[in-house]
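Shown next, in structure tokens, is the structure this report addresses.
The values are calculated or read from the model by the stated rules, or taken from the named source; none is laboratory data. Owing to the predicted nature of the structure, the values given are computational and were not obtained by experimental measurement. Side chains included, ligands, DNA and RNA excluded: accessible areas come from the protein's heavy atoms. Shrake-Rupley method; radii C 1.70, N 1.55, O 1.52, S 1.80 Å.
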Amino acid sequence: MGYKQITLPPGHTWKSYTLYLLNTLPPDLQDHYVQIFRTSVKFWKDTGGGFSEDVINDIKNHGYKIKRNGVSNFSKDGKQKIIFDQEMPDDTDDVESTKDIPSWKRMCYCILKNDYLCRFMGFGPTKVEAQRIKAIKQKYAAIARPGRRSI
């Protein structure tokens, strides 16, 4: 699809383009993405993600307003959690030390890539979605492997 070389349409920011794309989606799909995007924004405002000191300094040096929020529960090496004390950035292309910080551009890519689970933003399936995927795989296992019976 060439999404890594995507450029914005004239007159758009990543935020405005993301909102435009959301408005073109069917209502149920639009609601799904909006729910995930809201969860992401809330996470980065209230909880934050864990980063090394080098990455935190890089983010600060690029002018992003961040605050420390304790030690990450998801790291073994005591990475510090940071929260964003500003609006969601349009893009974070200037921070080369990480691709994990949130931005409207990352949200836009999820829509453009048809990334329903928003794995590009670090999300995975919920328990219900994982069970549904497992059931579908089991149901169609015989089709995927002809000659074998499904379980």
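Heavy atoms only, 1.4 Å probe, whole protein assembly: order Glu53, Glu87 by accessible area, highest first.
The ordering from most to least exposed comes out as Glu87, Glu53.
If you bin the C-alpha pair distances of the range 57-151 every 10 Å from 0, what whole percents do you get?
13, 29, 28, 15, 11, 4
Are any of the pairs Lys79/Lys127; Lys79/Lys134; Lys76/Lys113; Lys42/Lys134; Lys45/Lys105 more than 23 Å apart by Cα-Cα distance, and if so, which?
Those over the limit are Lys79/Lys127; Lys79/Lys134; Lys76/Lys113; Lys42/Lys134.
For the range 37-90, what is one quarter of the convex hull surface built on the Cα atoms, given in nm²?
3.8
Express the carbon and sulfur contribution to the solvent-accessible surface of the chain as a percent, rounded to the nearest whole number, probe 1.4 angstrom.
In the chain, the share of accessible area belonging to carbon and sulfur is 52 percent.
Give the Cα extents of the range 1-97 along the principal axes, in whole Å, largest first.
Largest to smallest, the principal-axis extents are 42, 28, 26 Å.
When the helices in the chain are scored as -39500 (n - 2.57) per DSSP H run of 4 or longer and the sum is shared across all residues, what 222 nm value do you end up with, to the nearest 500 deg cm²/dmol?
-13000 deg cm²/dmol
Given the Cα-Cα distance of Tyr140 and Leu25 and 0.36 nm per residue of separation, how much length would full extension add, in nm?
That works out to 38.6 nm of additional length.
Give the angle, between 0 and 90 degrees and rounded to the nearest 10, that separates the Cα long axis of helix 27-46 from the longest principal axis of the Cα atoms of the chain.
40
Just the number please: accessible area per residue for the range 14-124, 1.4 Å probe, all protein chains included, in Å².
57
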